[in-house]
Amino acid sequence: MEKRDLEQLLKEMSLKEKVDQMLQLSGAFYLGDENNVLTGPARDMGLEKEDLEMAGSILGAAGAKTLMRLQDDYMKKQPHHIPMLFMMDVIHGMKTIFPMPLAQGATFDPDLSKECAHAAAREASAMGLHVTFSPMVDLVRDARWGRVMESTGEDPYLNSCFAKAMVEGFQGEDLKEEGRVASCIKHFAGYGAAQAGRDYNTVELSEHTFREFYLPAYRAGIDAGAAMVMTSFNTVNGIPASTNQWLMRDILRREMGFDGVLISDFSAILETVAHRSSADESEAAVKALEAGVDIDMMTSVYAANLCRLVEEGKVEESLIDEAVTRILELKNKLGLFENPYKDADPEKEKKLILCKEYRDLARKAAAESFVLLKNDGILPLDLQKKIAFVGPYTENQEIKSSWSFTGDEKDCVTIKSAAREVFDAKRTSYHNGCPVIGKDVELIGFTGTEKKEISEQELQMMEEEAVLLAKEADFVVMPLGEHYLQSGEASSRAMLDLPEVQMELFRKVTAVNPNVVVVLFSGRPLDLREISAKARAVLTVWFPGTEGGHAIVDVLTGKTNPSGKLPMSFPYCVGQVPVHYNEYSTGRPNLPGMKEKFRSKYLDIPNAPLYPFGYGLSYTSFVISPVALDQDQMTKEGSITARVTVKNTGNCAGTEVVQLYVRDDFSSVVRPVKELKGFERVTLMPGEEKEAVFVIKEEMLRFFREDGSYGSEEGTFTVMIGNSSAVSEGAVFTLA
Ligand code: GLC
């Protein structure tokens, strides 16, 4: 539809019809019995039959046949034949579930994530969807926050690379293109800084920190063309994001140039009343509209108040026209006026879902996301040995993460089923050993309490059987981990331990057999001190998705050499949190070897995390040469080329993630002790060596100064290139 046609359409719409375009309801309202809905949840929300019939979009429904029927019903009643938008949380896969986003961050391979996002978009669009509420581009530093699993980590540059890649993977060049969905990046902004890691909690950030660390990845997603942005639940500078004009009008739309659709998070506009910054729904409606929020997700704050507020002269109809124009433009960019079904196609849906191509991609992405934290040589496993798999993830299909409800556990490959394809049945045993969680852990999942009650006697019997198998084996592989519902939304944890029932099993097994390999499932960094001390190897596999079992066996057997690197620091213990590599020096840095009292340190634990950002081992070994700079002076118009040689000094092929860090040695505002400014995956055969080359330009050295300006400053910079953020040796150049 041409722009002028959209303008004409807007003119023909009544105020109520316009306001209903700004209403988003759950798909459940359209899939159940209409009368039950109207006399039930809809009435409770203050919605009329007309609201349901005119709502501009729905969330959480999928299926080609379902959405085609929904669109048909909607269009019959829509006086202007405006199609409905179908949105959903396709976070890391639709039916083929890829590794959770924090795991994808561990690949340091944005191109691979772009492929995964495209595959997800193809499955989702065939199932009738138009928009995904993904990627989440919130920077995270606090492992207590359950949603770290949905981020790509603690670094602004790495997050920016993944934000760009995922948006491009979902959207492609043209939203009308087959197999593409609009990307809604979230949660704008600063949601990952919730105080004490408690979800939905207050966010208190200086503007400097906000701009330096938390905003870059949103900007990257918007620069990549994200069609939508979602508001966050938290306050920013004391004002809830959904009614925050500084955040939404000044930063998002004016500074970042975002002119797409801004949707609230689930009931976030209404929740400004609970924040006590809106006295009632009417005030919430006015403030959110004035902040430029176009769609009210799943409440009637807009639908039940805006018409009256316009008639009372309390809000300008032009603001509604602005919002509805953006919504109509999005529908137009998706080609929905010409084809309201877009890609919905039951036959294509059947063909694409969980196809071999996507399963293979999921398997590759999962294996590449695993991080080998410890290995004394027991891995890769010797298949001639007698091996016992003992642990609750041995035969557990709940390996998708809590943010993948569009996929089905039944499609997931367990470790046991994958191992049976490779390991000799005569020499291999399997036992879950204990449940994932014990009685001390209460979980409420989407399907109700997740705890499956087992008696003390049953538990004791499980353990005894498992420990016996462990005792009789040469090696024991222990698939352990958090329950998948212990991370994700509304799943903050004050302790970062594995469930106690599993630690008891771990202690009993290591007491009878020291040759233990731990395969760790988790949605977040955990406190791994005891496991790291007692296990001979530790492989973190996050929540690997549909092909998790195959990927894990591929790595355990050496078919795939692990190359993952931590996108988020694993703390020494929860008391160290938040901990991140790009910290400031402080006036009393506790440098290695210092024994003085009056330094910035703890009395009872080290400052360093147990495993730092960018860390991960391989089955081979690599040597990275000292950094060589092509010059030691750089002008603002020039550049510096930094080179290292990477050599595979081990006996198998492998991939090293070579990381470029830069430190601004002295500056008007304190700068991080180092910042990731580049990375490259270098794959080498045994004995082979290659050069890794990084070009450093002035714009990489810019930062927000005290006066709010953004730029670089003359002086010396130290360039460090290594295989993790622990790198310290570097070469110096001067920006003149
Ligand atoms: C949730 C989440 C958000 C999600 C939305 C729709 O509360 O915060 O990430 O996209 O609601 O499900």
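The values are calculated or read from the model by the stated rules, or taken from the named source; none is laboratory data. Everything numeric here is computed off the predicted structure, so don't read it as measured data. Every residue, glycine among them, receives a Cβ derived from its backbone with ideal geometry; neighbour counts consider all protein chains shown. Ligands, DNA and RNA are stripped out before the accessible areas are found, and what is left, the full protein with its side chains, is counted by its heavy atoms. Shrake-Rupley method; radii C 1.70, N 1.55, O 1.52, S 1.80 Å.
Filtered by the rule that a residue be assigned to a loop (DSSP other than H, G, I, E, B), among the charged types (D, E, K, R) and within 16 Å of the ligand (Cβ to nearest atom), the range 269-310 gives a lone residue, ASP294. Please find, among ALA217, ALA194, the residue that is closer than 16 Å to ARG141 by Cα, within 16 Å of the ligand (Cβ to nearest atom), in contact with a Pro (Cβ under 7 Å, 6 or more places away or on another chain) and open to solvent by less than 20 Å² (accessible area, probe 1.4 Å). After applying the criteria, what remains is ALA217.
Looking only at the range 146-162, residues that are more than 15 Å from the ligand (Cβ to nearest atom) and in a helix (DSSP H, G or I) come to 7 in all. Looking at the range 532-562 only, could you name the residues that are open to solvent by 10 Å² or more (accessible area, probe 1.4 Å) and touching a Gly at 6+ places or on another chain (Cβ under 9 Å)? The answer is ARG536, ASN561. Given the conditions (1) surrounded by fewer than 24 Cβ atoms within 10 Å (Cβ to Cβ); (2) over 23 Å from the mean Cα position of the chain (by Cα); (3) among the polar types (S, T, N, Q), and given that ASN396 satisfies all but one, which numbered condition is not satisfied? Only one criterion in (1) surrounded by fewer than 24 Cβ atoms within 10 Å (Cβ to Cβ); (2) over 23 Å from the mean Cα position of the chain (by Cα); (3) among the polar types (S, T, N, Q) is unmet by ASN396, namely (2).
Condition check ((1) in contact with a helix residue (DSSP H, G or I) (Cβ under 8 Å, 6 or more places away or on another chain); (2) not in a loop (DSSP other than H, G, I, E, B)) across all residues:
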{"position": "PRO435", "(1), (2)": "yes, no"}
{"position": "LEU459", "(1), (2)": "yes, yes"}
{"position": "MET462", "(1), (2)": "no, yes"}
{"position": "GLU489", "(1), (2)": "yes, no"}
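The range 51-145 holds helices (runs of 4 or more DSSP H) entirely within its bounds, and those carrying 1 or more residues that are in contact (Cβ under 8 Å) with a residue 40 or more places away in the chain and more than 13 Å from the chain's Cα centre (by Cα) map to 64-77, 110-126. Every condition in (1) in contact (Cβ under 8 Å) with a residue 24 or more places away in the chain; (2) surrounded by fewer than 23 Cβ atoms within 10 Å (Cβ to Cβ) is met by GLN460 except one, and the failing one is (1).
Going by what's in this entry, would SER491 be described as within 16 Å of the ligand (Cβ to nearest atom) and under 23 Å from PRO578 (Cα atoms)?
Taking the combined requirement at face value, the residue satisfies it.
Would you point out the residue of the range 26-66, among those that are surrounded by fewer than 20 Cβ atoms within 10 Å (Cβ to Cβ) and among the acidic types (Asp, Glu), that is farthest from MET127 (Cα to Cα)? Restricting to residues being surrounded by fewer than 20 Cβ atoms within 10 Å (Cβ to Cβ) and among the acidic types (Asp, Glu), the top hit is ASP44.
Looking only at residues in the range 486-526 that are open to solvent by 20 Å² or more (accessible area, probe 1.4 Å) and aliphatic (A, V, I, L, M), the one that is farthest from SER151 (Cα to Cα) is VAL512.
From the list ASP259, ASP360, exactly one residue is within 30 Å of the chain's Cα centre (by Cα), charged (D, E, K, R), in a loop (DSSP other than H, G, I, E, B) and surrounded by fewer than 24 Cβ atoms within 10 Å (Cβ to Cβ). Which is it? Don't jump to the end; show me each part of the working.
Values: ASP360 fails: in a loop (DSSP other than H, G, I, E, B).
Going through ASP259, ASP360 in turn, the sole match is ASP259.
For the range 708-723, taking the residues that are touching a residue at least 24 places away in the same chain (Cβ under 8 Å) and in a loop (DSSP other than H, G, I, E, B), the one that is surrounded by the fewest Cβ atoms within 10 Å (Cβ to Cβ) is identified as GLY708. Taking each residue of the range 463-491 that is without any contact (Cβ under 8 Å) to a residue 60 or more places away in the chain and looking for partners that are within 16 Å of the ligand (Cβ to nearest atom) with beta-carbon atoms closer than 8 Å, six or more apart or interchain, yields GLU482/GLY523. Answer yes or no: is there a residue in the range 122-136 that is more than 14 Å from the ligand (Cβ to nearest atom) and under 21 Å from GLU680 (Cα atoms). The answer is no, given that none of the residues of the range 122-136 is more than 14 Å from the ligand (Cβ to nearest atom) and under 21 Å from GLU680 (Cα atoms). Scanning the range 174-193 for residues that are within 17 Å of LEU247 (Cα to Cα), assigned to a loop (DSSP other than H, G, I, E, B) and touching a residue at least 60 places away in the same chain (Cβ under 8 Å) gives a single hit, ALA189. The residues of the range 417-433 that are in a loop (DSSP other than H, G, I, E, B) and open to solvent by 30 Å² or more (accessible area, probe 1.4 Å), listed by number, are GLU421, VAL422, ASP424, ASN432.
So that you can scan it fast, the table gives a plain yes or no per residue for (1) under 19 Å from the mean Cα position of the chain (by Cα); (2) open to solvent by less than 30 Å² (accessible area, probe 1.4 Å):
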| position | (1), (2) |
| --- | --- |
| ALA227 | yes, yes |
| THR231 | yes, yes |
| THR235 | no, yes |
| THR243 | no, yes |
| ASP250 | no, no |
| ASP265 | yes, yes |
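With respect to LEU70, is the statement that it is in contact with a strand residue (DSSP E or B) (Cβ under 8 Å, 6 or more places away or on another chain) and modelled with pLDDT of 95 or more true? In short, yes.
Note on the range 644-677: residues that are free of Cβ contacts under 8 Å to residues at least 40 places away in the same chain and in a strand (DSSP E or B) total 0. Counting residues in the range 1-16 that are open to solvent by 60 Å² or more (accessible area, probe 1.4 Å), in a loop (DSSP other than H, G, I, E, B) and either in contact with a strand residue (DSSP E or B) (Cβ under 8 Å, 6 or more places away or on another chain) or of a type in the set (A, V, I, L, M) (or both) gives one or more.
Would you mind stating whether PRO562 is in contact with a Phe, Trp or Tyr (Cβ under 7 Å, 6 or more places away or on another chain), over 23 Å from LEU660 (Cβ atoms), of a type outside the set (Phe, Trp, Tyr) and in a loop (DSSP other than H, G, I, E, B)? Steps first, answer last, please.
Working: in contact with a Phe, Trp or Tyr (Cβ under 7 Å, 6 or more places away or on another chain): yes; over 23 Å from LEU660 (Cβ atoms): no; of a type outside the set (Phe, Trp, Tyr): yes; in a loop (DSSP other than H, G, I, E, B): yes.
Answer is no for this residue.
Restricting the first member to the range 591-606 and to residues that are in a strand (DSSP E or B), and the second to residues that are surrounded by 10 or more Cβ atoms within 10 Å (Cβ to Cβ), the beta-carbon pairs closer than 8 Å and six or more apart or on different chains are SER600/THR586; SER600/ARG588; SER600/PRO589; SER600/ASN590; SER600/ASN607.
Do we have ILE82 as within 16 Å of the ligand (Cβ to nearest atom) and either closer than 26 Å to VAL229 by Cα or small (Gly, Ala, Ser) (or both) here? Against the criterion (within 16 Å of the ligand (Cβ to nearest atom) and either closer than 26 Å to VAL229 by Cα or small (Gly, Ala, Ser) (or both)), ILE82 does not qualify. Report, by residue number, each residue of the range 640-672 that is within 19 Å of TYR710 (Cα to Cα), of a type outside the set (Phe, Trp, Tyr) and open to solvent by 30 Å² or more (accessible area, probe 1.4 Å). Passing the criteria: ARG663, ASP665, SER667, SER668, VAL670. Filtering the range 122-170 to residues that are touching a strand residue (DSSP E or B) at 6+ places or on another chain (Cβ under 7 Å) and either under 26 Å from ARG69 (Cβ atoms) or surrounded by fewer than 24 Cβ atoms within 10 Å (Cβ to Cβ) (or both) leaves ALA124, GLY128, LEU129, HIS130, VAL131, THR132, PHE133, SER134, TYR157, PHE170.
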